[in-house]
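The values are calculated or read from the model by the stated rules, or taken from the named source; none is laboratory data. Source: prediction; values computed, not measured. Neighbour counts are summed over all protein chains in view; Cβ atoms, including those assigned to glycine, are modelled from backbone coordinates with ideal geometry. Remember, those area values only see protein heavy atoms, side chains included, never the ligands or the DNA or RNA. Shrake-Rupley method; radii C 1.70, N 1.55, O 1.52, S 1.80 Å.
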Amino acid sequence: MLTTTQATPADVPIIQRIAYETWPSTYQTILMLAQVRYMLQLFYSDEALEKSFLDNHQYLLIHHQGTPIGFAGYQHNYPEIGTTKLHKLYVLPHAQGLGAGQKLLEEVLLQTKTFGSKVLTLNVNRFNKAYMFYRKNKFDVLQEIDIPIGQGYLMQDYILEKRL
């Protein structure tokens, strides 16, 4: 059985553990290991996650039989009023295929509608297989973008959106 709960700053170690277990397999054929390590530190350090909570990011944890197996991070009114941004959605490799990603996305969509946003937007790496997951969920491609993130690294993303 899959259940979701709202995460709090006390759940930062769980979010970090899931990210550190998920990213290497997710990005091993897309990015150099050095870039994966750099980005994990950039986005999932204690300081980065604490700041995200202070910046009104919401996090959902998804549990399978009581054990956390994934998370989503999103922010209302970002980058503008009426838009919710899905910043993160990851499920542990061994738990993929259980429907956890779909359940997380549906919960974020529900939270987006409940908040009153008219659009859910996200960035996805152009070479990430998650791109097809979002397209199947009726997200439209708005733009292809390269985002410099430091140390010569780029995020090569699509910006996707779903109008609600």
Would you calculate, for the chain, the mean residue ellipticity at 222 nm contributed by helices, counting each DSSP H stretch of 4 or more residues as -39,500 (n - 2.57) and dividing by all residues, to the nearest 500? -11500 deg cm²/dmol
Cross-link reach list, lysines versus residue 138, counting only Cα pairs under 20 Å and skipping chain neighbours closer than eight places: 85, 88, 103, 113, 118, 129, 162
Span-like helices, the chain: DSSP H, alpha-carbon axial extent 15 Å or more, mean Kyte-Doolittle 1.6 or greater, which ones? none
About the Cα centre, and with charges only on the beta carbon of Lys, Arg (+1) and Asp, Glu (-1), how big is the dipole of region 1-144? Nearest 20 debye, please. 480 debye
Please report, to two decimal places, log10 I(q)/I(0) for region 10-79 at q = 0.18, 0.26, 0.29 Å⁻¹ as given by the Debye formula with identical point scatterers on the Cα atoms and no solvent. -0.76, -1.21, -1.28
Each residue of region 89-94 in turn: what ³J(HN,Hα) in whole Hz from Karplus with 6.51, -1.76, 1.60 and θ = phi - 60°, glycine and Pro shown as x? 7, 9, 10, 3, x, 5
Could you state how much accessible area residue 141 has, in square angstrom rounded to the nearest 10, with a 1.4 Å probe and all protein chains kept in place? 60 Å²
Return the sequence-ordered ³J(HN,Hα) values of region 69-75 in whole Hz as given by the Karplus equation 6.51 cos²θ - 1.76 cosθ + 1.60 applied to θ = phi - 60°, using x for Gly and Pro. 10, x, 7, 10, x, 9, 9
Of every hundred units of 1.4 Å-probe accessible area on region 88-160, the number belonging to carbon and sulfur atoms, as a percent, is 52 percent
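Whole number in Å², please: accessible area per residue of the chain, 1.4 Å probe, ligands, DNA and RNA not counted.
53 Å²
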So how compact is region 81-154: Cα radius of gyration and Dmax in angstrom? 13.8, 40
